[in-house]
Each structure stands twice: as structure tokens, then as C-alpha cells.
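Right, one structure below, let's go through it.
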Amino acid sequence: MATEQLNVLKALDVAKTQLYHFKAVVIAGMGFFTDAYDLFCIALVTKLLGRIYYTDPALNEPGHLPANVSAAVNGVALCGTLAGQLFFGWLGDKLGRKSVYGFTLILMVLCSIASGLSFGHEAKGVMGTLCFFRFWLGFGVGGDYPLSATIMSEYANKKTRGTFIAAVFAMQGFGILFGTIVTIIVSSAFRHAFPAPPFYIDAAASIGPEADYVWRIIVMFGTIPAALTYYWRMKMPETARYTALIAGNTKQATSDMSKVLNKEISEEAAQGERATGDTWGLFSRQFMKRHGVHLLATTSTWFLLDVAFYSQNLFQKDIFTKIGWIPPAKTMNALEELYRIARAQALIALCGTVPGYWFTVAFIDIIGRFWIQLMGFTMMTIFMLAIAIPYDYLVKPGHHTGFVVLYGLTFFFANFGPNSTTFIVPAEIFPARLRSTCHGISAATGKAGAIIGAFGFLYASQDQKKPETGYSRGIGMRNALFVLAGTNFLGLLFSLLVPESKGKSLEELSKENVGDDDAIAPTGV
């Protein structure tokens with residue numbers, strides 16, 4: 001049996017874009033700014049960590065992290081993120097979005113600072129404590145995914161909902177770019193204050209004791225913007241959809257949203273009742289009938305996207321080195337190498353990553369989620385093949401520009417594509433009482449793909465004849481890029497299951513105001 005949508009939810013759906021929308025974007029977006037900074041800044045400093053803690057003066061090459069340590073340092077935060085997405089996603093539906101929103105931010109800030117203060121000066125102690133705190137940092141980051149997406153979707157009007165959720169996620173691009181800028185500034189300042197010779201001239205002096213401060217400052221710096229938004233997170237009222245549809249307190253939801261929208265919203269006594277047939281749970285037959293295909297679509301596409309996206313992001317430095325865009329390590333001192341890595345990644349972020357996010361913001365409610373995701377996976381597949389097929393030609397001196405342009409375009413269409421839409425869609429198509437949980441499951445499946453990308457690409461991309469010290473032979477960079485192209489193509493196929501949510505209310509999408517007899521089978525486009 002169908003029931004009428006609550007007046008307070010109608011008011012939110014048709015509300016004009018106003019100040020509170022932008023305030024919500026900034027409050028939720030600053031969490032994602034820190035999320036991206038914290039998750040990706042480690043990729044900038046891993047070569048520096050290798051030089052500081054694993055250089056052997058008797059050898060003719062700068063030190064680098066052993067294979068198992070590198071995998072742990074890069075992957076442990078992703079493991080924490082996966083656990084946090086599942087836990088806080090579930091908790092957001094049980095206790096309320098606002099109730100746990102502040103805790104995730106505190107956890108991120110404290111663990112980011114603790115990561116930079118990792119104990120001791122010996123490799124074992126520093127790497128052990130760094131991995132410990134980065135796991136819990138990831139746990140807090142994981143909570144921000146389902147909570148921020150759900151809060152923004154439940155606050156926004158149906159006309160521009162995609163734009164505002166995309167704007168929250170787009171702050172990730174600024175977080176990545178900010179990480180490279182901080183690294184450039186800090187490394188430049190220390191390089192000029194404490195000059196050091198290249199490694200081939202003096203191995204020990206090329207590092208310098210000051211380098212140990214550099215990576216710690218970089219790791220901790222990203223917490224500042226997020227910490228400044230904590231007060232405003234705590235001042236946000238609970239979303240009306242949680243208060244009315246889950247807590248069953250329509251009166252409180254109406255009161256809260258009247259203040260937020262700065263208008264009087266009428267309340268009807270009958271609206272305290274819940275719609276028929278809306279008490280089934282995640283593992284019920286009714287959920288599988290209505291949303292089983294939807295959950296398969298959101299989990300599979302996010303998983304496949306993150307295999308490719310994180311393997312490219314976390315190991316940009318290795319790719320740039322292998323194509324010769326960054327000089328051989330022995331010709332530089334530790335901080336010069338860090339500076340060059342950050343500069344290269346800043347260029348990719350500025351030209352490909354950040355514009356891609358904001359193209360999504362601009363077009364998500366015009367083109368729609370389905371077509372943007374389909375286009376993104378298609379273009380990622382094409383550009384990855386365009387790199388892989390002529391790879392041996394592109395890595396030769398004088399042809400690096402072509403490689404970087406094609407590589408940057410894969411990032412552009414990842415962000416003007418599935419990296420944004422896989423975050424948006426799960427926050428729209430599931431019922432309110434399972435929305436945060438299902439978003440957390442979708443995101444956690446994505447992080448499982450990220451872990452496979454982070455660990456797998458590191459080993460798979462090793463040269464077939466001369467792997468790096470500590471690694472076994474892999475399939476080579478070119479073949480690894482072919483695998484990523486295939487992964488993107490699979491993402492394209494599974495995207496055909498993704499429903500279009502543009503311009504529809506959350507209750508219409510989730511069929512929250514219909515009973516079992518009126519429910520329609522999940523549809524595609």
C-alpha cells in the first residue's frame with residue numbers, strides 16, 4: 001500500500017538552494033579533504049622513508065622500503081578504511097548520522113598526528129607504530145564515507161542533490177592537490193635550509209638528519225583544515241529522514257528542518273506512522289527483491305574502479321621513475337627526490353584529477369549518474385589501452401609528454417566518471433534505515449579492490465627480467481596496464497546495472513513509501 005510522502009521531506013525535496021546547502025558541503029567536504037590527504041600523502045613520502053631507514057652506505061643504491069614493509073605502509077590504512085566503512089555505516093543507521101559523525105573526525109585528527117609522531121628513529125619501531133596509527137586513521141576515514149554521503153543526500157533537494165554530493169566528494173581532489181603542495185613547500189624549505197649532496201657523491205650526507213622531520217610534518221599537516229570544522233559538525237541537526245523515518249519522530253524532524261530552511265513546515269498527525277512493509281532488513285527476501293541488483297551494481301563497480309584507481313594513485317612515483325620522468329635516485333639527494341615526486345604528482349592532480357571532480361559537479365544533474373559512469377569507464381579503458389599498447393615507445397626519452405597526457409586523461413575520466421558516481425549512487429537508492437549501511441558495504445567492497453590494487457600492482461608491475469630488490473618477477477608494467485584496462489572494461493559492463501537517480505526523491509528511489517504489493521522490481525536506467 002502506498003503512503004503519502006511526509007511534508008517535511010517534501011519541503012526538503014523542493015527547497016531552493018541556499019546557504020545551509022553550501023555550509024553542509026564545506027562541513028562534510030573538509031572531512032573528505034583530510035581523508036584524501038591522509039590516504040594519498042603516504043605515497044609521496046615512501047621513497048623518503050626508504051632512504052632514511054633502509055639506506056646501506058655499502059650499497060651503490062639509495063635505500064627503499066622492503067617489499068613487505070612498502071605493502072604494509074601503503075595498504076594498512078586501506079584495511080582500516082574498509083573496516084571503518086562497514087562499522088560506521090552500520091552504526092549510522094542504528095544511532096543516527098550525527099551521533100557518530102564527530103567521532104570519526106576526532107579519530108582522523110588524532111591518528112594523523114600520532115602517525116607523524118611515530119616512535120623512535122629505528123626502522124622497525126617507526127614502521128610498526130606508523131602502520132598501527134595509520135590503520136586507525138583509516139578506520140576513521142572509513143566512517144566518513146557513508147556518513148558524509150548519507151548526510152548530504154538527506155539534506156539536499158532532489159533537483160541538485162547529485163551536485164552537492166559530488167561537491168563533497170570533489171574535496172578529495174583538493175586534498176590530494178594540497179598534499180602535493182605541502183610536500184613541495186616543506187621539501188623546498190628544508191632543501192634550501194639544509195643543502196645536501198646527491199647520493200652518488202656522499203650517500204650518508206644525501207639524506208641528512210633533518211629529513212626525518214620532513215615526512216612527519218607532511219603526514220600531520222592535513223589535519224588542520226578538518227579540525228577547524230569539528231564545531232560545525234556538532235552543530236548540524238540530525239537529518240530529517242533519520243529522525244522521521246527511522247526514529248519515528250516527525251515532530252522533531254519538522255522542527256529541525258523548519259529552522260534549517262528558515263520556513264514554517266506544516267505537520268500532520270498521521271505522518272508519524274510508518275509506511276506499510278518498510279520494516280524488513282538487509283538480509284531479507286524483500287530487500288533482495290527490491291535492491292539486490294542495486295547492491296550488486298554499487299559493490300561491483302566500486303570494487304573494479306578502485307582496483308585501477310588506487311593502483312595508479314599510490315604508485316605514480318614508481319610509474320614516473322620507470323618512464324624516466326624523474327631522474328635516477330642516485331643522482332639526487334633525499335629531499336630533491338621528494339620534491340620532484342611531489343611536483344610530478346601535483347601536475348597530474350592539477351591537470352587531470354581536480355578538473356575531473358568538478359566536471360562531475362557541473363554535469364551530474366544534467367547528464368545523469370548512469371551516463372557519466374558509463375562514459376568514465378569507457379574512456380578509462382580506451383586511455384589505458386592507449387598507454388599500454390605503445391608503452392615501449394612512450395617510455396623512451398623525448399616521448400614522456402605523450403605518456404603523461406594519456407595518464408592524466410585516465411585520471412580526468414576516473415573522476416569525471418565512476419570515482420564520483422560510485423560514491424553518489426549508493427547514498428540515493430537504498431531505504432533510509434539501510435542507506436548508511438549499504439553505502440558502507442559498497443564503499444568497503446571498493447576498498448577491497450583498492451587493497452588488491454595497492455598490493456597487487458606493486459608486485460605485478462615488477463620487471464619480468466630484473467625486478468627491484470626484494471621483489472619477485474612480475475608481469476611487467478606494460479602487462480599490468482593491460483590488466484587495469486581489462487578491469488575498467490569489466491566496470492563498464494557492471495555499470496549497466498546501475499539505476500539512474502537524477503531528479504527523483506530518495507523515497508521514490510528506495511520505494512520507501514510503498515508496501516510489498518506495490519513494489520516494482522529494480523530497474524536499470
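Brief remarks on what is shown
- For the stretch 1-84, a simple Cβ point-charge model (Lys and Arg +1, Asp and Glu -1, everything else neutral) yields a dipole of about 240 debye relative to the Cα centre.
- Accessible area (Å², 1.4 Å probe, nearest 10) - ILE217: 60 Å²
- Note on LYS159 and HIS399: their simple-model spin labels are 5.2 nm apart, each label 7 Å out from Cα toward Cβ.
- Using only the C-alpha atoms, the convex hull of the chain corresponds to 129 Å³ per residue.
- Percent of C-alpha pairs per 5 Å bin, the stretch 1-70, short to long: 3, 12, 11, 11, 9, 8, 8, 7, 6, 5, 6, 6, 4, 2, 1, 0
- 5 angstrom amide H check on GLY63, placed H, neighbours 5+ away: THR55, ASP56
- Were the residues from ILE475 through ARG343 laid out at 0.36 nm apart, the gain over their Cα-Cα distance would be 44.7 nm.
- Net +/- balance of residues flanking SER206 in space, Cβ distance below 11 Å, scoring K and R +1, D and E -1: -1
- The alpha-carbon positions of the stretch 126-277 define a convex hull whose volume is 180 Å³ per residue.
- For the chain, the 222 nm mean residue ellipticity estimated from helices alone, with every DSSP H stretch of n ≥ 4 adding -39500 (n - 2.57) and the total spread over all residues, rounds to -23000 deg cm²/dmol.
- Computed over the chain, relative contact order equals 25 percent, with contacts defined as Cα pairs under 8 Å that lie 6+ residues apart.
- The chain, accessible surface, carbon-and-sulfur percent (1.4 angstrom probe): 67 percent
- What the Cβ-Cβ distance of HIS192 and LEU493 gives, at R0 = 60 Å and to the nearest 0.05, is a FRET efficiency of 0.70.
- Mean projected area (nm²) of the alpha-carbon convex hull when the stretch 1-126 is viewed from all directions: 12.2 nm²
- Cross-link partners for LYS447 among the lysines, with Cα-Cα distance under 24 Å and sequence neighbours closer than 8 places in the same chain left out: LYS47, LYS94, LYS98, LYS317.
- Evaluated over the Cα positions of the stretch 332-449, the convex hull gives a direction-averaged projected area, one quarter of its surface, of 9.6 nm².
- Of the listed residues TRP280, TRP371, TRP90, the order by accessible area with a 1.4 Å probe, largest first, is TRP371, TRP90, TRP280.
- Taking Cα atoms only, the orientation of helix 477-494 departs from the longest principal axis of the chain by about 0 degrees.
- In this view, the solvent-accessible surface of HIS121, computed with a 1.4 Å probe and all protein chains in place, comes to about 140 Å².
- Estimated vicinal HN-Hα couplings, Hz - the stretch 360-369 in sequence order (Karplus 6.51, -1.76, 1.60; Gly, Pro = x): 4, 4, 6, 10, 4, 8, 9, 7, x, 5
- Over 22 Å apart at the Cα level, from the set LYS158/LYS289; LYS16/LYS259; LYS330/LYS466; LYS330/LYS396, are LYS158/LYS289.
- ASN68-LEU296 pseudo-label distance in nm [points 7 Å out on the Cα-to-Cβ vector]: 4.0 nm
- Annotation: TYR393 carries an accessible surface of approximately 120 Å², with a 1.4 Å probe and no ligand, DNA or RNA atoms counted.
- Annotation: extensible slack from LEU95 through ASP392 equals 101.5 nm (criterion: 0.36 nm per residue apart, minus Cα-Cα distance).
- Summed side-chain charge close to PRO237 - residues other than PRO237 whose Cβ falls under 13 Å, Lys, Arg +1, Asp, Glu -1: +4
- Here the stretch 70-174 is treated as a sphere whose radius is the Kirkwood value from Cα pairs; by Stokes-Einstein at 25 °C and 0.890 mPa s it diffuses with a coefficient of 167 µm²/s.
The values are calculated or read from the model by the stated rules, or taken from the named source; none is laboratory data. These numbers were taken from a predicted model, which means no experiment stands behind them. So basically every Cβ, Gly included, is an ideal-geometry build from the backbone, and we count neighbours across all protein chains shown. Side chains included, ligands, DNA and RNA excluded: accessible areas come from the protein's heavy atoms. Shrake-Rupley method; radii C 1.70, N 1.55, O 1.52, S 1.80 Å.
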